[in-house]
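Report on one structure; see the data block that follows.
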Amino acid sequence: MHSTFCVSQYVFCVFVLCAFDLGVAQVLLDILAKHKGNLSIKDLSQMTAIKPEDIVSTLQYLNMIRYWKGQHIISVTPKIIEEHSKLISKRGPRCNPEHLNWTPQYVSNKKR
């Protein structure tokens, strides 16, 4: 019975994610799968240009983060990454990065 609850909760968490969060989840899972060693939220943010708050909330939805001694700690195994990746990949086509064009918005500090 306990394992059924965990699976149901896991599936619910994946379906609750909006399209943006699924994209963030895919990016984070890809990095976590390939990276050896420790990564911080700040490291992930610098590598991806994703806001730390979005990283934390996405990892919370995926149940891959813990709060310990005042800090968020990424807690994940290769098996967990693989399971999440399989579920998320079933959600639809991935974006091809070659087709994405992004230009940062220029904000002037001058007062009008």
What are the residue pairs meeting all of these: first residue in the range 23-52, first residue aliphatic (A, V, I, L, M), second residue part of a loop (DSSP other than H, G, I, E, B) and open to solvent by 20 Å² or more (accessible area, probe 1.4 Å), Cβ atoms under 8 Å, and 6 or more apart or on different chains? 24/50; 27/50; 28/50; 31/39; 32/39; 32/76; 44/50
Please indicate, with yes or no, whether at least one residue in the range 16-31 is touching a helix residue (DSSP H, G or I) at 6+ places or on another chain (Cβ under 9 Å), hydrophobic (A, V, I, L, M, F, W, C), open to solvent by 40 Å² or more (accessible area, probe 1.4 Å) and at pLDDT 85 or above. yes
If we scan the range 51-60, do we find a residue that is in a loop (DSSP other than H, G, I, E, B), within 12 Å of the chain's Cα centre (by Cα) and at pLDDT 90 or above? yes
Checking residue 84 against (1) at pLDDT below 85; (2) over 30 Å from residue 103 (Cβ atoms); (3) part of a helix (DSSP H, G or I); (4) open to solvent by 30 Å² or more (accessible area, probe 1.4 Å), only one condition comes out false. Which one? (4)
Residues in the range 66-76: is at least one at pLDDT below 85, of a type outside the set (Ser, Thr, Tyr) and more than 30 Å from residue 104 (Cβ to Cβ)? no
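The values are calculated or read from the model by the stated rules, or taken from the named source; none is laboratory data. Values in this document were obtained by computation on a predicted structure and should not be read as measured data. Quick reminder, even Gly has a Cβ in these numbers, built from the backbone with ideal geometry, and neighbours come from all protein chains shown. What goes into the accessible areas is simple: the full protein's heavy atoms, side chains included, and nothing from ligands, DNA or RNA. Shrake-Rupley method; radii C 1.70, N 1.55, O 1.52, S 1.80 Å.
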